[in-house]
Each structure stands twice: as structure tokens, then as C-alpha cells.
Amino acid sequence: MPRSPDDETLRFPTNLDRAGIEARLIEVRENARRFGMVEIVRLFENLGSMSAAQQQALAALQSRNVVFFEFDSSEIRADYLSVVAAHAAYLTKFPTARVRLEGHTDERGSREYNIGLGERRAQTVRKALMLQGVSEAQITTVSYGEERPAVEGSDESAHAQNRRVELVQVQ
């Protein structure tokens, strides 16, 4: 099994000409395949059916696709409202685009409680997107509770990174 990717493996420089961009896209796609990053591979497979404007808008969203939450809360923090707004703008501009909202929690609490909390978090983001004009048909939600931590660990830093909703663009 290949080691996990580092920042350089998937980084996309901004100072490339068109040929350089195309070459880097191929390299990033191959690295994503090598590391089993299914969502990124799927994104590349769908790029051919997207307009250049949609590809560019989607690329800009990829670095801003997580909303973090306070302990035992499903309220969107003020510093993440811009993330939700950016995704809402993309989804309203491209009405055939779809997003899956994946709710997560830290390890504290029972499995059942955390599934419910992850769902409440995903539903909160869903409602915020819909209030900004996104169609209900463009959004699906799922809760993973504590089952898919972004970071292993039992300290506050790990807990903070695991209390999240990931906005995954799907085609």
C-alpha cells in the first residue's frame, strides 16, 4: 500500500501556463489514483463533462469544503459561514451540480448520540444552503458520527478537527 500523500503530491501551483496546467492535472489525477483517493479520481473523471467555468469554480471550492463545529453543537460557526456561502453560490450557478453533506463528530458520546449529532450538523448546513437558493434536489446528507475521524487522537485538537461537516461535490 502506498504511503499517504503529502502536500506536494496534490498541490496545484498557480503560476503555470495551459500546457503546465494540463500536465499537472494528469499528475495530480495519477497521484490520487495511487493513494486511493476515490472522490478526487471521480472528480477528474467528471471534469470532461463540465464547462471550463464550472471546472474553475469547482477547483476553487476544493480547498474550502469543511465546516467545523463547537463541542456538542450543530450551529454553524461564524468563521465558516463564508464556506457555506461559497458552496451555495456554486450550486445556484450550476444547478446540475450536487453536494453530499457528511456529518461527523468527535469520539465523545455514545455511537447513537453521535450519529444523531452528525445528522443535525449536516441538516444545519443543508438548511443554510437552501436558504441561499440551493435546490433541495441538489443536496444529500449522511451522518458518520464518530466512525470516520479526520484525525486520530483523544485530545482537544483532534476532537476539534473531527467535529465537522464535509461538503463533497458529486456529479
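The values are calculated or read from the model by the stated rules, or taken from the named source; none is laboratory data. Keep in mind the model is a prediction, meaning the values are calculated, not measured. Every residue, glycine as well, gets a Cβ built from its backbone with ideal geometry; the counts of neighbours run over all protein chains shown. Quick note on the areas: whole protein, heavy atoms, side chains included, nothing else; ligands and nucleic acids left out. Shrake-Rupley method; radii C 1.70, N 1.55, O 1.52, S 1.80 Å.
Taking into account only those residues within region 46-80 that are part of a helix (DSSP H, G or I) and in contact with a strand residue (DSSP E or B) (Cβ under 9 Å, 6 or more places away or on another chain), which is modelled with the lowest pLDDT?
Only one residue fits best here, namely N46.
Which of the residues belonging to region 128-145 are open to solvent by 50 Å² or more (accessible area, probe 1.4 Å) and outside any strand (DSSP E or B)?
Across region 128-145, the qualifying residues are M130, L131, Q132, G133, S135, E136, A137.
Determine whether region 113-125 contains at least one residue that is at pLDDT below 95 and more than 17 Å from the chain's Cα centre (by Cα).
No, because not a single residue in region 113-125 is at pLDDT below 95 and more than 17 Å from the chain's Cα centre (by Cα).
Taking region 96-107 as the search range and keeping residues that are out of contact with any helix residue (DSSP H, G or I) (no Cβ under 7 Å at 6 or more places or on another chain) and open to solvent by 60 Å² or more (accessible area, probe 1.4 Å), which one is modelled with the lowest pLDDT?
Within region 96-107, the match that is modelled with the lowest pLDDT is T96.
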